[in-house]
Amino acid sequence: MASRRLLCSLLRSASGRSVSKPSNSNPPASTAPSQPPPAKVAGRGKITDEFTGPGAIGQVCQVIVAVVDVRFDEGLPPILTALEVMNHSIRLVLEVAQHLGENMVRTIAMDGTEGLVRGQPILNAGSPITVPVGKATLGRIINVIEETIDDKGELSTSFADQATEQQILVTGIKVVDLLAPYQRGGKIGLFGGAGVGKTVLTMELINNVGKAHGGFSVFAGVGERTREGNDLYREMIESGVIKLGDNQAESKCALVYGQMNEPLGACARVGLTGLTVAEHSRDAEGQDVLLFIDNIFCFTQANSEVSALLGRIPSAVGYQPTLAMILEAFKSVLPPPRKVLSLLTCDTFAHLDATTVLSRQISELGIYPAVDPLDSASRMLSPHILGEEHYSNARGLQKVLQNYKNLQDIIAILGMDEFREDDKFNCCSWS
């Protein structure tokens, strides 16, 4: 009801600005205005924020797939401002991506644009897209514009000093904690192909962080397949990470999905939605939060296609020119790319504090988690942070494994009879 009253006030103010004054002092009933009043628009879209300034109402001028051009007669909304389509069959939110002159903006649609027509009224929300955050999101599934998609009803949704010293996040996974430890507040990359155990490792990290540290996890599925999203949701329920019913407040994970069948705008922005949920739990509630973004390849691909639709000149291999700036915005990423040595992967490495590489050769040996101890690395592996004993043990283990890897070809041809005693010891220890 409050949204409807606010909408009526916006329409009245817009009508007052658009209608000219009469040319004489006769009563209004006998005087025709110089311009006809605008058509009455009575939308029922949800208003994300109150806004009655110049440029409150616009109209659609052009629709190109997920790109919508909107004209405002008075003022332009800033970049990233949320707009909402009125008189539409579904709630359609647009995000301002570019200014095209003094009275035109180019926006990205967060849902399908079927049914949009030229001249359709657009309401300026006056603020960026907002999402619910906090404990109410635990155990729930929301989309990029805060709508719940799990059929469980709507969501009801102090300043603190931030520690600057480097601290280790103990995951409970021995190979990670020993050879490539994670930093609290750092950016972590999980690299691996299909079927090497990324989902299992993700579940283990979420479970351990929740139990050992009492923290929360946020999983942002960018371009997620519907089947994979459902499987992950059910696995979290079975493992106790997500609780249903009266115990839902005890859940340790919130899920944010921008699925593969949704428009580019949703896939390009759902990572930022998950980041907002995670940052609120960290800043407002003082919780340890583990943010997963699966996967960074689909996120960058969606942004690249949106950038092409906006007419921006691409950078190397067709990626958008703002790729480096976007990657720096994430506090933790979970990127399982299809090509480990692709340009995107190489660019991502520069923004990470720790990289965990899952190897198919190790998984074929039946060793899980299939973490490659030689390819995985961390900036936290330093004697000044971990201590001399931890550092020496980690480097000693890596030396033994590297020696064994160097001798593998010789073992396959000559066997171990021609080796020195030290090399035989290394091979026998690893075997």
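The values are calculated or read from the model by the stated rules, or taken from the named source; none is laboratory data. All figures in this text were calculated on a predicted structure; none of them were measured in a lab. No Cβ is skipped: glycine too gets one built from the backbone with ideal geometry, and neighbour counts run over all protein chains shown.
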(message) For segment 227-253, which positions are under 20 Å from the mean Cα position of the chain (by Cα) and either outside the structural domain of Ala278 (by TED's automatic domain parsing) or in a helix (DSSP H, G or I) (or both)?
(response) Arg227, Glu228, Gly229, Asn230, Asp231, Leu232, Tyr233, Met236
(message) When you scan segment 217-226, do you find a residue that is part of a helix (DSSP H, G or I), closer than 14 Å to Leu255 by Cβ and not polar (S, T, N, Q), even just one?
(response) no
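Taking Leu123 as the residue in question, decide whether it is modelled with pLDDT of 90 or more and of a type in the set (A, V, I, L, M, F, W, C).
Working: modelled with pLDDT of 90 or more: yes; of a type in the set (A, V, I, L, M, F, W, C): yes.
So Leu123 passes the test.
Would you say Gly221 is surrounded by fewer than 17 Cβ atoms within 10 Å (Cβ to Cβ) and touching a helix residue (DSSP H, G or I) at 6+ places or on another chain (Cβ under 7 Å)? Full working, then the answer.
Details: surrounded by fewer than 17 Cβ atoms within 10 Å (Cβ to Cβ): no; touching a helix residue (DSSP H, G or I) at 6+ places or on another chain (Cβ under 7 Å): yes.
No; evaluated as a whole, the condition is false for this residue.
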(request) Pairs only if they're at least six apart or on different chains, beta carbon under 8 angstrom, first in segment 235-255 and on the phi > 0 side of the Ramachandran plot, second modelled with pLDDT of 85 or more and not in a helix (DSSP H, G or I); list them, first residue then second. (result) none
(request) Among the residues of segment 187-214, write down those that are surrounded by fewer than 19 Cβ atoms within 10 Å (Cβ to Cβ), out of contact with any Ser or Thr (no Cβ under 7 Å at 6 or more places or on another chain) and not acidic (Asp, Glu). (result) Gly193, Ala194, Gly195, Thr199, Val200, Lys211, Ala212, His213, Gly214
(request) Name, by its number, the condition in (1) modelled with pLDDT of 55 or more; (2) surrounded by 20 or more Cβ atoms within 10 Å (Cβ to Cβ); (3) within 25 Å of the chain's Cα centre (by Cα) that does not hold for Pro336. (result) (1)
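Can you tell me which residue is farthest from Glu146 (Cα to Cα) among those in segment 79-90 that are modelled with pLDDT of 90 or more and of a type outside the set (A, V, I, L, M, F, W, C)? I'd like the intermediate steps shown before the answer.
Within segment 79-90, the subset modelled with pLDDT of 90 or more is 79-86.
Within this subset, residues satisfying the condition of being of a type outside the set (A, V, I, L, M, F, W, C) are 81, 84.
On the way: Thr81: 15, Glu84: 14 Å.
For segment 79-90, the residue satisfying everything is Thr81.
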